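The values are calculated or read from the model by the stated rules, or taken from the named source; none is laboratory data. This is a predicted model, so every value here is computed, not measured. Heads up, the Cβs are rebuilt from the backbone with ideal geometry, glycines too, and the neighbour counts pull from every protein chain shown. The area values use the complete protein model at the heavy-atom level, side chains included, leaving out ligands, DNA and RNA. Shrake-Rupley method; radii C 1.70, N 1.55, O 1.52, S 1.80 Å.
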Amino acid sequence: MANYPVDMSIKPEVQGFYDEATATISYIVKDPTSNAAAIIDSVMDIDYAAGRITFDHADMLIDEIRKQGLKLEWIIETHAHADHLSAAPYIQEKLGGKIGIGENIKIVQEVFGKIFNEGTEFQRDGSQFDALFTDGMTYKIGNMTAFAMHTPGHTPACMTHVIGDAAFVGDTLFMPDGGTARADFPGGDAGTLYDSIMKVLSLPDEMRLFMCHDYCPGGREPKWETTVAEEKANNIHIAGKTREEFIRVRTERDKTLKMPTLIIPSIQVNIRAGHIPEDKDGNQMLKVPVNKL
Ligand SMILES: [Fe+2]
């Protein structure tokens, strides 16, 4: 494992906000020694049938940041989500902060640029984002030094963000009873996902892990926080399984999964850092590519 600058003495305050419609957890991460904060994986609400966009979930985050008098420094996407739309530009407009994602977003932009037949005006260089994270890259949130860890497999651009003793794993792991994220999207790979999970699980045992999704297995209440030790001991796709066994379980399960309901609008928006595409007359407009996914 690369030499990542882990510092368990930094203990950020973490608040999770569960979005029931998409089973996504958005986070506000606060530096305990200043008023600096980051938002990780925000959600823009969509009524896809009606083509209607609203901002109730994002407004909740914005109100919370304002109520606590925080200074928003970062708006981070763990990856280009296929199941919800990011509200990053809306939040940035209200509160400032830099929008960041893994640098392999360029690969995701290339792949989906083709699928959606985007024109040359759609840049595939990640320039829609303010920052592109690379493996091991550090950044500051107030006095805290955080770092990004490249954890591909679910998508090529997936990053785990480690902020002191808290790691935001995106869609690598779910809670121990939920297993792991799918690896069958374009650019996904089950073996690569296993290797990334091993990277996450080589962090210290007491590292707090925060999930991007929770699908409430067995109908339990939503949960989003666990630890490296708990995942190692109990994750139903990982504990006691070899790499080969994991690949088999993951691949079998992926064959049974339908495309996420919101993949078509989500990808178009999220490869643009959360901006809704516009037609030649400047109308916000989404496409449906037929038989391409
Ligand atoms: Fe995802």
**Request:** Sort the stretch 191-258 into rounded, prolate or oblate with this rule: let a ≥ b ≥ c be the square roots of the eigenvalues of the Cα gyration tensor; rounded if a/c is under 1.5, and if a/c is not under 1.5, prolate when a/b is larger than b/c, oblate otherwise.
**Result:** oblate
**Request:** Using Cα positions and a limit of under 21 Å, work out the lysines in reach of Lys280, with same-chain residues fewer than 8 apart set aside.
**Result:** Lys114
**Hz values of 3J(HN,Hα) by residue in the stretch 65-79 - Karplus curve (6.51, -1.76, 1.60), Gly and Pro given as x** = 4, 5, 4, 8, x, 8, 9, 7, 9, 9, 10, 9, 10, 5, 5
**Prompt:** What share of Cα pairs, in percent, lie more than 22 angstrom apart in the stretch 117-222?
**Reply:** 39 percent
**Prompt:** Tell me, how many Å apart are the Cα centres for the stretch 43-58 and for the stretch 237-293?
**Reply:** 18 Å
**Request:** Give the span of the chain's Cα atoms along each principal axis, as three whole-Å numbers ordered largest to smallest.
**Result:** 54, 47, 37
**Prompt:** At a Förster distance of 41 Å, what's the computed FRET efficiency of Glu245 paired with Asn3, Cβ-Cβ distance as r, to 0.05?
**Reply:** 0.90
**Fill in**
Plugging the Cβ-Cβ distance of Asp47 and Asp279 into 1/(1 + (r/R0)^6) at R0 = 30 Å yields, to the nearest 0.05, a FRET efficiency of 0.90
**Request:** Pop the C-beta distance of Lys98 and Ala229 into the FRET formula with R0 = 30 Å and round what comes out to the nearest 0.05.
**Result:** 0.35
**Item:** Thr227 long-range amide H proximity, modeled H, under 5 Å
**Value:** Leu209
**Request:** Enter the mean projected area of the convex hull around the alpha-carbon atoms of the stretch 29-117, in nm², rounded to one decimal.
**Result:** 6.7 nm²
**Message:** Could you derive backbone 3J(HN,Hα) for the stretch 185-191 from the dihedral phi with the Karplus parameters 6.51, -1.76 and 1.60 (θ = phi - 60°), listing whole Hz in sequence and x where the residue is Gly or Pro?
**Reply:** 6, x, x, x, 6, 5, x
**Request:** Translational diffusion coefficient, Stokes-Einstein: compute it for the stretch 216-293 using the Kirkwood radius over C-alpha pairs as Rh, at 25 °C and 0.890 mPa s, and state it as an integer in µm² s⁻¹.
**Result:** 148 µm²/s
**Request:** Among the lysines, select those whose C-alpha is under 20 Å from the C-alpha of Lys258, and discard any that sit fewer than 8 residues away in the same chain.
**Result:** Lys287, Lys292
**Message:** Accessible area of the stretch 1-138 with a 1.4 Å probe: how many percent of it is carbon plus sulfur?
**Reply:** 47 percent
**Asked** Got a sec to turn the phi values of the stretch 132-146 into Karplus ³J(HN,Hα) couplings, 6.51 cos²θ - 1.76 cosθ + 1.60 with θ = phi - 60°, whole Hz, x for Gly and Pro?
**Response** 10, 7, 10, 4, x, 5, 9, 8, 9, 10, x, 8, 8, 9, 10
**Prompt:** Tell me, which longest segment in the chain has none of the GluC sites (Glu not before Pro) that fall in DSSP loops with at most 13 further Cβ atoms within 10 Å?
**Reply:** 21-120
**Prompt:** Taking the Cα-to-Cβ direction at Ser127 and at Lys287 and moving 7 Å from each Cα, how far apart do the two end points lie in nm?
**Reply:** 2.0 nm
**Request:** Before rounding to the nearest 500, sum -39500 (n - 2.57) across all DSSP H runs of length at least 4 in the chain and divide by the residue total; then give [θ] at 222 nm in deg cm²/dmol.
**Result:** -7500 deg cm²/dmol
**Prompt:** Roughly how many Å is it from the Cα centre of the stretch 145-221 to that of the stretch 83-103, as a whole number?
**Reply:** 20 Å
**Fill in**
Over its alpha-carbon atoms, the stretch 116-179 yields an Rg and a Dmax in Å of 14.9, 44
**Asked** Using only Cα atoms, what is the ratio of the radius of gyration of the stretch 164-293 to 2.2 N^0.38 Å?
**Response** 1.23
**Prompt:** What length, rounded to one decimal in nm, is gained on full extension from Arg220 through to Arg66, with 0.36 nm per residue of separation minus their alpha-carbon distance?
**Reply:** 52.3 nm
